[in-house]
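Here is the structure we will look at, set down as structure tokens.
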Amino acid sequence: MIPIEHVIKVNHLSKTFGETQAVKNLSFTVEKGEIFGIIGPNGAGKTTTLEILEGIQKASGGEVEVLGLHPVKQLRELNNRIGVQFQATSIQKKMKVKEAMDLFASFYKGKTQKNELIEMLGLQEKLDVRFEDLSGGWKQRVTLALATLHQPELLFLDEPSMGLDPHARRELWAMIRTLRDKGSTIVVTTHYMEEAEKLCDRVAMIYSGELKALNTPNELLDDVSTHYVRFESEEVSYDSLLSLGDVIKVEKEEHEFKVFSENLQQTAYQIFKYCDEEGMELRNFKFERGSLDDLFVQYLKKEKTG
Ligand SMILES: Nc1ncnc2c1ncn2[C@@H]1O[C@H](COP(=O)(O)OP(=O)(O)OP(=O)(O)O)[C@@H](O)[C@H]1O
């Protein structure tokens with residue numbers, strides 16, 4: 001068996017800003033070659049965690065190792081080996097794509113993969129366009145190219161698809177996967193649950209600076225209470241569904257019901273039995289799998305009710 005190589009080790013990490021505890025006792029590792037997602041709502045501590053890993057912020061407590069280096073003490077060495085995607089706002093508006101690529105390439109001593117990136121990201125047709133004239137999707141492609149010119153072993157992306165339409169978002173995911181296939185490990189923060197589900201190999205879910213869950217999206221979704229049955233009926237009542245054993249929650253919209261249960265098989269049987277006894281009709285009955293969004297809402301609810 002090939003031993004797992006950890007490119008990031010985070011152990012009991014904490015960070016405080018005055019009274020605010022942005023990160024609390026966070027521990028996780030990132031394996032070489034994976035796309036690792038850090039997800040959570042606004043203010044969860046995603047950016048702070050990322051900036052500590054990049055050596056931009058100092059930890060208040062705990063240990064962090066990135067590519068075997070201490071991010072703050074060995075920042076210069078780290079910067080040669082990691083890539084950080086800048087926010088589009090930090091690129092000069094009037095600069096042409098070609099000029100930005102040349103400027104950033106001049107920061108690195110060795111050979112860069114500029115030409116390969118222009119080809120791979122389809123930037124050829126945009127080289128003479130000013131940054132301010134690019135659409136959101138193209139801006140993201142350019143900042144991705146600028147972050148990866150030196151073929152970094154590890155790439156950090158903070159909310160890369162923020163503000164992109166679904167098509168541009170999918171294109172960006174394909175590019176991120178290609179960069180991974182070419183050998184980079186990728187750490188990405190997002191608050192789009194769909195992005196975490198479709199793009200990431202493993203996901204750390206944080207809320208209020210604390211790690212709430214860490215697993216592959218598939219295994220996170222195996223959490224039973226995110227699964228439900230869906231059907232349509234004009235006759236069934238909300239309250240009678242809620243009173244069935246094992247049912248956690250019922251959602252009703254027009255004539256469509258979603259019934260979440262701890263024992264879906266048993267609940268499905270109960271629904272059919274109840275409808276049969278009452279002579280009620282059901283249509284389009286389906287077993288459905290919840291999304292990370294559902295799981296996330298569930299965690300937040302647990303948090304609020306204690
Ligand atoms: N420089 C700072 N000074 C004071 N408080 C800060 C600072 N940076 C972050 N915080 C606070 O730390 C907490 C975590 O913020 P952080 O930006 O890491 O969250 P986030 O998950 O990235 O959120 P978002 O998705 O909104 O960017 C928040 O309460 C934020 O207000």
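The values are calculated or read from the model by the stated rules, or taken from the named source; none is laboratory data. Since the model is a prediction, treat every value here as computed from it, not as a measurement. We place every Cβ from the backbone using ideal geometry, glycine too, and count neighbours over all the protein chains shown.
The table below gives the values:
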| read-out | value |
| --- | --- |
| Boolean, Lys252 is of a type in the set (Lys, Arg), under 28 Å from His191 (Cα atoms) and free of Cβ contacts under 8 Å to residues at least 12 places away in the same chain | no |
| Subset of region 9-48 that is of a type in the set (S, T, N, Q) and near the ligand (Cβ under 7 Å from one of its atoms) - its residue that is surrounded by the most Cβ atoms within 10 Å (Cβ to Cβ) | Thr48 |
| Spans of helices (runs of 4 or more DSSP H) in region 215-306 with at least 1 residues assigned by TED's automatic domain parsing to the domain that holds Ile35 and touching a strand residue (DSSP E or B) at 6+ places or on another chain (Cβ under 6 Å) | 217-221 |
| Residue satisfying condition, being more than 22 Å from Gly37 (Cβ to Cβ) and away from the ligand (no atom under 16 Å from the Cβ), within set Arg202, Arg230 | Arg230 |
| Test set (1) in the same structural domain as Leu199 (by TED's automatic domain parsing); (2) buried (at least 20 other Cβ atoms within 10 Å of the Cβ); (3) outside any loop (DSSP other than H, G, I, E, B) - Asn79 fails condition number | (2) |
| Residues being among the polar types (S, T, N, Q) and part of a loop (DSSP other than H, G, I, E, B) - total across region 149-180 | 2 |
| Long-range neighbours under 6 Å by Cβ, at least six apart or interchain, first residue farther than 11 Å from Val129 by Cβ within region 87-105, second surrounded by fewer than 15 Cβ atoms within 10 Å (Cβ to Cβ) | Lys93/Glu132 |
| Test: residue in region 60-75 that is assigned to a helix (DSSP H, G or I) and within 16 Å of the ligand (Cβ to nearest atom) | no |
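Table: residues versus (1) among the acidic types (Asp, Glu); (2) under 21 Å from Glu34 (Cα atoms); (3) in contact (Cβ under 8 Å) with a residue 40 or more places away in the chain.
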{"site": "Val188", "(1), (2), (3)": "no, yes, yes"}
{"site": "Ala196", "(1), (2), (3)": "no, yes, yes"}
{"site": "Asp239", "(1), (2), (3)": "yes, no, no"}
{"site": "Leu242", "(1), (2), (3)": "no, no, no"}
{"site": "Glu262", "(1), (2), (3)": "yes, no, no"}
{"site": "Gln265", "(1), (2), (3)": "no, no, no"}
{"site": "Asp276", "(1), (2), (3)": "yes, no, no"}
